[in-house]
Amino acid sequence: MEKHIFLCRHGQTEWNRDKKLQGQLDSPLTEKGRAQAAELAAKAGNWDIDLVVSSHLGRAKDTATICASSLGQSHKVYQGFCERNFGEWQGKETSGLAAYQAFKEHRYTRPDLMPDNGGESANMVTERFMTTFHSLMNSETASRILIVSHGDAMACIARSFGEGRTIDNCGGMLLGWQNGKLHWQQWID
C-alpha cells in the first residue's frame, strides 16, 4: 500500500521576516506565521491526514501543533526532519554573509558542498531525511502523513528528485512511499 507524505514548511518566523539565517537555531512564529499555519491546517483538512509529524525545532512544532489541533490528529516529533545546520552562519543576517552568498549559489548544484564553518552539505541533509523517513514508515501505521519541516532541508529533498524551487512558508510537496522507497508526486501550493 502506498503512503502519502505531505511535506510542508513551517509558518513565517521573526528571523524569516528579518532575513536572519536560522538553521538549527530557532525564533518564534510571527502573527503572520500563525495565520499561515491555520491556512495550512485548513488546506490539510482536504487531505485526510491521519498523523501530523514535525521536526523538534519550535517553529515546526508550533506550526504542526496548530495543524494537529485543527485536524483532530496526534502530533509526533522526529528530530531528523530538522533544518540544515549552517554552522557559524546561524543567527546572522544573510545580507552580511559573503561566504554564505557564495555557498547559496551552489548549495544544490553541488550537493557535496559543505559550509566551511561546520554545517551540513545537501547530501548529508538528504541522507538524514531518508533515514528518518525509513524510521517513520517502519514505526507508524498512518497512510496520510503531514510533516512540518524547513525550507532549505526540503529543498535538498526536492533537488534529489530533480525538482527545484524556493519553498515559501507553509508551502510544500507531496511525496509517495511504496515498497520502502520515497518518490516524487507534485508540488503543493
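The values are calculated or read from the model by the stated rules, or taken from the named source; none is laboratory data. What you see is a predicted model; the values in this text were computed from it and never measured. Using ideal geometry, Cβ is built from the backbone for each residue, glycine included, and neighbour counts are taken over all protein chains shown. In case anyone asks, the SASA skips ligands and DNA or RNA and just uses the protein heavy atoms, side chains included. Shrake-Rupley method; radii C 1.70, N 1.55, O 1.52, S 1.80 Å.
List every residue pair whose Cβ atoms lie under 6 Å apart, where the two residues are 6 or more positions apart in sequence or sit on different chains, the first residue falls within segment 124-136 and is polar (S, T, N, Q) and in a helix (DSSP H, G or I), and the second residue, located anywhere, is open to solvent by 30 Å² or more (accessible area, probe 1.4 Å) and at pLDDT 95 or above.
Thr132/Tyr78
Checking the condition small (Gly, Ala, Ser) and either surrounded by fewer than 22 Cβ atoms within 10 Å (Cβ to Cβ) or modelled with pLDDT under 95 (or both), which residue from Ala68, Ala35 passes? Spell out how you get there, then give the answer.
Working: Ala68 fails: either surrounded by fewer than 22 Cβ atoms within 10 Å (Cβ to Cβ) or modelled with pLDDT under 95 (or both).
Result of the check over Ala68, Ala35: Ala35.
Quick one: how many residues across segment 162-177 are at pLDDT 95 or above and open to solvent by 80 Å² or more (accessible area, probe 1.4 Å)?
1
Can you name the residue in segment 137-147 that is free of Cβ contacts under 8 Å to residues at least 12 places away in the same chain and assigned to a helix (DSSP H, G or I) and, of all such residues, is least open to solvent (accessible area, probe 1.4 Å)?
First pass over segment 137-147, keeping only residues free of Cβ contacts under 8 Å to residues at least 12 places away in the same chain: 138-139, 141.
Restricting the remaining residues to those that are assigned to a helix (DSSP H, G or I) gives 138-139.
Numbers: Asn138: 130, Ser139: 71 Å².
Here the residue is Ser139.
Among the candidates Gly119, Gly180, single out the residue that is more than 21 Å from Gln36 (Cα to Cα), open to solvent by less than 10 Å² (accessible area, probe 1.4 Å) and among the small types (Gly, Ala, Ser). If you could, list the steps in order and put the result at the bottom.
Details: Gly180 fails: open to solvent by less than 10 Å² (accessible area, probe 1.4 Å).
On inspection, the qualifying residue turns out to be Gly119.
Quick check on my filter: what residues within segment 76-111 are assigned to a loop (DSSP other than H, G, I, E, B) and acidic (Asp, Glu)?
Taking segment 76-111 as the starting set, the residues that turn out to be assigned to a loop (DSSP other than H, G, I, E, B) are 78, 82-86, 90-92, 97, 107-111.
Scanning segment 76-111 gives a single hit, Glu83.
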